[in-house]
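Q: Before I ask anything, let me first share the structure, which is written out below as structure tokens.
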Amino acid sequence: MGRGPETAQLSKYFYEGNDISDLPVNLSVVWNGNFIIDNPQNIQAHLYKCSALRESCGLCLKADPRFECGWCVSEKRCSLRQHCPSHESSWMHTSSGNSRCADPKIIKVG
């Protein structure tokens, strides 16, 4: 018996709001349109927004490195490199040597 070609559909997913920086979601693989392949290890995918809950340079650079978030100096926001205009000179990430935030603000002394 022959089997059909194996294909994967590329989809974009997003979630509303900015009160969650990363959101674990359940992951399943559907075969032949309606057969769900079991996920015994409960593998999850993570949806994330660099800008959510990371309003400052310091908070942005403390994000989990696997998300590849960096501070876009020209836009003054946390973003992925490709979403920062003129990203070569304006984007800071902890893996680069230019990861020192400018204009720090003290908002609480404890």
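Please treat every number below as a calculation from the coordinates, not as lab data. Computed from a prediction, not measured in an experiment: that's the story for all the values here. Methodologically, a virtual Cβ is constructed for each residue, glycine included, from the backbone with ideal geometry; neighbour enumeration extends over all protein chains shown.
Q: For Val73, Val109, which order do you get if you count the other beta carbons within 10 Å of each Cβ and list the fewest first?
A: Val109, Val73
Q: Fewest Cβ neighbours within 10 Å first, please rank Asp64, Asp22 accordingly.
A: Arranged by neighbour count, lowest to highest, Asp64, Asp22 become Asp64, Asp22.
Q: Listing Cys101, Cys50, Cys69 from the residue with the fewest other Cβ atoms within 10 Å to the one with the most, what is the order?
A: Cys101, Cys50, Cys69
Q: In addition: From the mean inverse distance of alpha carbon pairs (Kirkwood) and the Cα radius of gyration, derive Rg over Rh for the chain.
A: 1.14
Q: If each residue of separation counts as 0.36 nm, what is the full-extension length gain between Leu47 and Ile20 once their alpha-carbon separation is subtracted?
A: Between Leu47 and Ile20, full extension yields an extra 8.7 nm.
Q: Can I ask one more? Just from its helices, what would the mean residue ellipticity at 222 nm be for the chain, if runs of 4 or more DSSP H residues each count -39500 (n - 2.57) and the sum is divided by every residue, rounded to the nearest 500 deg cm²/dmol?
A: Helix contribution divided over all residues of the chain: -1500 deg cm²/dmol.
Q: Just tell me the longest site-free run in the chain, where the sites are trypsin sites (Lys or Arg not before Pro) in a DSSP loop having at most 15 other beta-carbon atoms within 10 Å.
A: 13-61
Q: A follow-up question, please. Computed FRET efficiency, Cβ-Cβ of Ser95 and Val30, R0 30 Å: what is it to the nearest 0.05?
A: Efficiency at R0 = 30 Å is approximately 0.25.
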